[in-house]
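Inspection log for the structure reproduced underneath, given as structure tokens.
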Amino acid sequence: MRLKLTIILLLFGIILYAQREEIANESRFLQAINPSYFALNNINKVGVLYNTSKINQNNKLDNQYVFGSIAFVDQRFSLGFGFNNYRVQNSNLSSSFGQLSFVYKIQINSSTYFLPSVSLGYRNSTVSLDGLIFEDQINRTTGFVSSETIDPLGERIGNQTYPDLGASFLIHSDRFFGGVALSHLNQPNTSYDKDVIQKSPISVAIHGGVELDINPYQRGFLPYNSFLFLYHNLRFVKEAKLMTFSQDLQLSNFSIGINQKASLVNQFSLNSIGLSLGLAIENFDFGFQYNFPLRQLNRVYSPSLFELHLSFDFSPYRRNNRGLFKRLQTDNY
């Protein structure tokens, strides 16, 4: 029983350790990596996302994510919120994380903007004792299983709640962006055992990208609004380095992209390659993502992942301005 419980807690610890990796298509949901993105171009937006990762033959990790942003143009700031809910199927593990972010807008010049932000989050993690049986609950003579246990370990696990502080900034124009995001600044204690201190390490993410107009003269076979969006993210967590790269081709209201996830822990490992498809219809954006694990090429366990998302842009000009298919905008400031 203790071995089983140890494995469960270890698995959940791995999930929480990589808690920023729940979004596969990072370039589409950059606010999950850097909350300053909530204020980009003063866009009011909401969205939902669902993905599932196959951990092994019996367990899958399901994740639901919802976000929203609202801009207060006259006061030069925006508010954004995000909420994640994880659950490992066929197990007793679940976790939820909500975060509220305040983003201020500073104009550097006619085309470049600086967006600093602070975030307050709150996480609740649960290991349910329902379905877990400790050794002292079993009567070896009759086989009867008691509903109560006096094992001291049973009193030490259950719920874990703690605040989580973060800060970030983003610099962008209508062609490029770069940013840094700091998570777990308060280094919360994530241990289920109240007698053990296990601080969450500070996470540092450095990211950037460019958007290129690949049909500037509106000629040839490409649609008028055709852009290539190149993105990268490098995250440091203790000795681990986690990397994401993506290349997205926007062809008017249709997009197709590929992304790569890699890690450097003692040695470099290319973990997965993903394929994404997107479709914009008026103010709605629909998307699909699938990550193919490369388990034969590395020693890092990388589950396959399937993801769907939907977002809605409240801009009244979206349906009449096809140029808003472009990711990086400054015309609404």
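Here are the numbers for the structure shown:
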item	result
Any hit, region 133-153, residues being at pLDDT 90 or above, in a strand (DSSP E or B), of a type outside the set (D, E, K, R) and farther than 26 Å from Q198 by Cα	no
Number of the condition not met by F83 [criteria: (1) within 21 Å of V180 (Cβ to Cβ); (2) part of a strand (DSSP E or B)]	(1)
Residue match in region 218-230 (condition: of a type in the set (S, T, Y) and part of a strand (DSSP E or B))	yes
Lone unmet requirement of (1) under 23 Å from A280 (Cβ atoms); (2) of a type outside the set (S, T, Y); (3) at pLDDT 95 or above for E26	(3)
Failed condition for L249, given (1) of a type in the set (A, V, I, L, M); (2) under 17 Å from F325 (Cβ atoms); (3) at pLDDT below 95	(3)
Filter result for the condition that a residue is surrounded by fewer than 17 Cβ atoms within 10 Å (Cβ to Cβ), part of a strand (DSSP E or B), modelled with pLDDT of 55 or more and not aliphatic (A, V, I, L, M), over T126, T161	T161
Selected residue [more than 30 Å from S110 (Cβ to Cβ) and modelled with pLDDT under 90] from N291, N225, N266, N320	N266
Region 31-49 - residue that is surrounded by fewer than 20 Cβ atoms within 10 Å (Cβ to Cβ) and modelled with pLDDT of 95 or more and, of those, nearest to F306 (Cα to Cα)	V48
Out of H184, H172, H207, sole residue that is of a type outside the set (A, V, I, L, M, F, W, C), surrounded by 20 or more Cβ atoms within 10 Å (Cβ to Cβ) and free of Cβ contacts under 8 Å to residues at least 40 places away in the same chain	H184
Residues of region 188-217 that turn out to be part of a loop (DSSP other than H, G, I, E, B) and either of a type in the set (G, A, S) or more than 27 Å from P163 (Cα to Cα) (or both), as a count	6
Residue satisfying all of: in region 164-198; of a type in the set (D, E) and at pLDDT 80 or above; nearest to L328 (Cα to Cα) among these	D174
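Per-residue answers, yes or no, for (1) of a type in the set (K, R); (2) surrounded by 14 or more Cβ atoms within 10 Å (Cβ to Cβ); (3) over 24 Å from F288 (Cα atoms):
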{"site": "D195", "(1), (2), (3)": "no, no, yes"}
{"site": "S200", "(1), (2), (3)": "no, yes, yes"}
{"site": "P223", "(1), (2), (3)": "no, yes, no"}
{"site": "F227", "(1), (2), (3)": "no, yes, no"}
{"site": "H232", "(1), (2), (3)": "no, yes, no"}
{"site": "L249", "(1), (2), (3)": "no, yes, no"}
{"site": "S252", "(1), (2), (3)": "no, yes, no"}
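The values are calculated or read from the model by the stated rules, or taken from the named source; none is laboratory data. From a predicted model like this one, the values you see are computed outputs, not experimental measurements. Ideal geometry is used to build each Cβ from the backbone, glycine not excepted, and the neighbour counts take in all protein chains shown.
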